[in-house]
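To start, the structure under review is shown below, and the notes come after it.
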Amino acid sequence: MKILGLIVNPIAGIGGAVALKGSDGEEIIREARRRGGVSPAPGRAEFFLKALRQYIGSPFTLITCKGEMGENEARNAGVFPQYVIPVGGVSTSADDTKAAALEMERRGVDLIVFCGGDGTARDIMDALDLRKPVIGVPSGVKMESAVFSVNPEAAALLAAKFLGGVLSTVEREVVDVDEEEYRRGTLRTRLYGYLRVPDDTDLLQGAKAPSPLTEDEKEAQKSIAKYIVEEMDEDVLYIIGPGTTAKAVLRELGLTGCLLGVDVVMGRRLLASDVSERDLIHLIESHSGSSRVRIVVTPIGGQGYIFGRGNQQISPKVIRMVSRDNLIVIATLNKLLSLPKLRLLVDTGDREIDLSLSGYIRVIVDYRRELVVKVEPGLTVAQWGNPTGTISP
């Protein structure tokens, strides 16, 4: 019987929707909780395990950690661990993650699945290096590393295929950003090393690729921004997502917002900057009687996500209030053509919203120039069923 290890970081992603851009450090965690921040990791862990039960045919042994680091989520998903590692508790740390990974290695696990973000991936790498294969279930804020599945259900299929002997492994990048600099609006990404993951490019997300700072790219961003500004209506509330392409719209208006946050514009003036999910809901509700609302986003380079990576402030509730019809996607042609399989992805954590966003959408790539691109919710059990049949380890 194959042995699966599960590690859940119960504070991963807690700062996303409340505009804190991460969860590194006790002070940030306290502030996130004060603002009402909630980690998506426990729910995504349950989702992963429930999907895994649909994909995998034979019983498997689960080793996990106590409480919110895996035990609770496993029992809620109807999977009962053979052994619970006594680490974690009310407050968890990087040391808990590392200790759990080393204990799982000692107990001979075949695969470790972790629910967290780039920081959790670094902790796993520090503990294990390349000695054990892993899968990251995306549960953080940014998730720029290439060791994450496209969503929790894809992680389940990856795990089932690997434990069933269908997949080999490949080394992929672990990167992270300096969160203090990130909160100041400066993106500094560093390659920390590599982890070994099951090799299936359809089910794994790519590493984030920064937009090139060439003059041609800057000119293309400016052309897109000029077109957006020309088409703006005075009585529309515009929610502008993070990224250099999106923020070019603010520059064209002569405004300064938050490069890595979400800003709100109305009547060609900055209404609010670096807003949280709660701020957006309040602004939408307060303007619903007199104006319309539109969301302007750009995909993450190298990955293609328009929702679910680095812009959790634009939550499923916000998207539902605004609707797909009022979504504006912008990207330079170079950025769009460099995406894997020329597809856009969504992973909001709300399956209904993800599926509602799927299908073809117009992407503005230059001044009055558009390209039709497909939006995909990633693999879902409900949508795909089991394309390979039940996989037995």
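All of (1) of a type in the set (A, V, I, L, M, F, W, C); (2) modelled with pLDDT of 95 or more; (3) touching a helix residue (DSSP H, G or I) at 6+ places or on another chain (Cβ under 8 Å) hold for Ala382 with one exception: (2).
Candidates are the residues of region 243-265 that are assigned to a loop (DSSP other than H, G, I, E, B) and at pLDDT below 95; the one that is surrounded by the fewest Cβ atoms within 10 Å (Cβ to Cβ) is Thr256.
Considering only residues that are of a type outside the set (A, V, I, L, M, F, W, C) and part of a loop (DSSP other than H, G, I, E, B), look in region 109-124 and name the one that is nearest to Glu144 (Cα to Cα). Walk me through it before giving the result.
Going through region 109-124, the residues of a type outside the set (A, V, I, L, M, F, W, C) turn out to be 110, 116-120, 122-123.
Next, only the ones that are part of a loop (DSSP other than H, G, I, E, B) stay: 110, 117.
Numbers: Asp110: 25, Gly117: 8 Å.
This residue is Gly117.
The listed residues are Glu171, Glu153, and the only one of them that is under 21 Å from Pro340 (Cβ atoms) and surrounded by fewer than 23 Cβ atoms within 10 Å (Cβ to Cβ) turns out to be Glu171. Ser315 satisfies every condition listed in (1) small (Gly, Ala, Ser); (2) touching a strand residue (DSSP E or B) at 6+ places or on another chain (Cβ under 7 Å); (3) at pLDDT 95 or above except (2). Among the candidates Ala17, Ala41, Ala51, the residue that is within 23 Å of Met125 (Cα to Cα) and surrounded by 24 or more Cβ atoms within 10 Å (Cβ to Cβ) is uniquely Ala41. Considering region 65-102, and only residues there that are out of contact with any Asp or Glu (no Cβ under 7 Å at 6 or more places or on another chain) and hydroxyl-bearing (Ser, Thr, Tyr), the residue that is surrounded by the fewest Cβ atoms within 10 Å (Cβ to Cβ) turns out to be Ser91.
Does any residue of region 320-334 turn out to be in a helix (DSSP H, G or I) and free of Cβ contacts under 8 Å to residues at least 12 places away in the same chain? Yes, some residue in region 320-334 is in a helix (DSSP H, G or I) and free of Cβ contacts under 8 Å to residues at least 12 places away in the same chain. Residue under question is Leu345, and the condition is that it be farther than 21 Å from Ile284 by Cβ, part of a helix (DSSP H, G or I) and in contact with a strand residue (DSSP E or B) (Cβ under 7 Å, 6 or more places away or on another chain); does it hold? It is false that Leu345 is farther than 21 Å from Ile284 by Cβ, part of a helix (DSSP H, G or I) and in contact with a strand residue (DSSP E or B) (Cβ under 7 Å, 6 or more places away or on another chain). Residues that are more than 19 Å from the chain's Cα centre (by Cα) and closer than 24 Å to Leu203 by Cβ were ranked within region 339-362; the one that is surrounded by the most Cβ atoms within 10 Å (Cβ to Cβ) is Ile361.
Looking at region 37-49, can you tell me whether even one residue there is free of Cβ contacts under 8 Å to residues at least 24 places away in the same chain and in the same structural domain as Pro198 (by TED's automatic domain parsing)?
At the first step, the residues of region 37-49 found to be free of Cβ contacts under 8 Å to residues at least 24 places away in the same chain are 37.
Those left that are additionally in the same structural domain as Pro198 (by TED's automatic domain parsing): 37.
Yes, region 37-49 has at least one match.
Residues of region 103-112 include none that is in contact with a Ser or Thr (Cβ under 7 Å, 6 or more places away or on another chain), crowded, with 24+ Cβ neighbours inside 10 Å, under 20 Å from Ile11 (Cβ atoms) and outside the structural domain of Asp350 (by TED's automatic domain parsing). Checking each residue in region 113-122 for being in contact with a Phe, Trp or Tyr (Cβ under 9 Å, 6 or more places away or on another chain) and buried (at least 23 other Cβ atoms within 10 Å of the Cβ) picks out Val113, Cys115, Gly117, Asp118, Thr120, Ala121. Applying the condition of being outside any loop (DSSP other than H, G, I, E, B) and of a type in the set (Val, Ile, Thr) to region 292-319 and asking which residue is nearest to the chain's Cα centre (by Cα) yields Ile306.
I'd like the full set of residues that are touching a residue at least 12 places away in the same chain (Cβ under 8 Å) and either under 30 Å from Phe148 (Cβ atoms) or not in a helix (DSSP H, G or I) (or both), limited to region 204-217. Within region 204-217, Leu204, Gln205, Gly206, Ala207, Lys208, Ala209, Pro210, Ser211, Pro212, Glu217 qualify.
The values are calculated or read from the model by the stated rules, or taken from the named source; none is laboratory data. If you're wondering where the values come from, they're calculated on a predicted model, not measured in any experiment. Ideal geometry is used to build each Cβ from the backbone, glycine not excepted, and the neighbour counts take in all protein chains shown.
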